[in-house]
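One structure below.
The values are calculated or read from the model by the stated rules, or taken from the named source; none is laboratory data. The structure displayed is predicted, hence computed values, not measured ones. Methodologically, a virtual Cβ is constructed for each residue, glycine included, from the backbone with ideal geometry; neighbour enumeration extends over all protein chains shown.
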Amino acid sequence: MASRLVLLLAAAAVAVACLPAPASAVAWMVGDGGGWRAKFNQTGWAEGKTFRVGDTLMFMYARDAHTVVEVGREDFAACNLQANLLGAWNSGNDVVQLDRPGKRWFFCSVPGHCDNGMKLVVNVLGDDGVPAPAPAPESGWWF
Ligand SMILES: *[C@@H]1O[C@H](CO)[C@@H](O)[C@H](O)[C@H]1NC(C)=O
Ligand SMILES: [Cu+2]
């Protein structure tokens, strides 16, 4: 019994050791040289970029001028300043870990800025390169 467990653990260790080394993580400078700025959505910065688990987003801005908040899909769409925050940063030099697959929604919480387009959504791919599966429906039993 015990030896079986040991075997299993050994097999698991080997399996982990044999995983392909992850492609090196990317530290994305949000907005490149222009940083995180007003009307960010007009820059199209995220278009054509592939974000992966392990990458980071670096938001650079004048700390008195902007902020970064992370919210859910609906609060993002509505620019809800009273949103349920999943994260909040205001150092002007903020590093956000993309530590899970799926979409991540960010905007600037200074009144009016999000409404003017200071927002960013990124789709983070998992280690296997595929997006996270769509979340299960929130209600309902299947029988
Ligand atoms: C950017 O956001 C503004 C305000 O929400 C919107 O009117 C505009 O169409 C958006 N532009 C792009 C390129 O998404
Ligand atoms: Cu702002």
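Restricting region 62-76 to residues that are under 13 Å from SER109 (Cα atoms) and more than 14 Å from ligand 2 (Cβ to nearest atom), which is nearest to the chain's Cα centre (by Cα)? Can you show your working first?
The initial filter retains those residues of region 62-76 that are under 13 Å from SER109 (Cα atoms), namely 63-71, 75-76.
Subset that is more than 14 Å from ligand 2 (Cβ to nearest atom): 70-71, 75-76.
Numbers: GLU70: 9, VAL71: 11, ASP75: 15, PHE76: 13 Å.
If we take residues in region 62-76 being under 13 Å from SER109 (Cα atoms) and more than 14 Å from ligand 2 (Cβ to nearest atom), then GLU70 is nearest to the chain's Cα centre (by Cα).
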Among what's in region 110-130 and is on the phi > 0 side of the Ramachandran plot and within 20 Å of the chain's Cα centre (by Cα), pick the residue that is surrounded by the most Cβ atoms within 10 Å (Cβ to Cβ).
GLY117
What are the residue pairs meeting all of these: first residue in region 107-128, first residue within 16 Å of ligand 2 (Cβ to nearest atom) and in a loop (DSSP other than H, G, I, E, B), second residue at pLDDT 95 or above and of a type in the set (D, E, K, R), Cβ atoms under 6 Å, and 6 or more apart or on different chains?
ASN116/LYS39; GLY117/LYS39
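Would you confirm, using the coordinates I've provided, whether VAL124 is modelled with pLDDT of 65 or more and touching an Asp or Glu at 6+ places or on another chain (Cβ under 8 Å)? Walk me through how you get there before you give the answer.
On the way: modelled with pLDDT of 65 or more: yes; touching an Asp or Glu at 6+ places or on another chain (Cβ under 8 Å): yes.
Yes; evaluated as a whole, the condition is true for this residue.
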Out of the residues in region 86-106 meeting the condition of being among the small types (Gly, Ala, Ser) and surrounded by 15 or more Cβ atoms within 10 Å (Cβ to Cβ), tell me which one is farthest from ligand 2 (Cβ to nearest atom).
GLY102
The correct count of residues that are more than 13 Å from ligand 1 (Cβ to nearest atom), part of a loop (DSSP other than H, G, I, E, B) and farther than 20 Å from ASP115 by Cβ in region 36-55 is 6
Does SER3 meet the test of being more than 16 Å from VAL95 (Cα to Cα), modelled with pLDDT under 95 and under 20 Å from the mean Cα position of the chain (by Cα)?
no
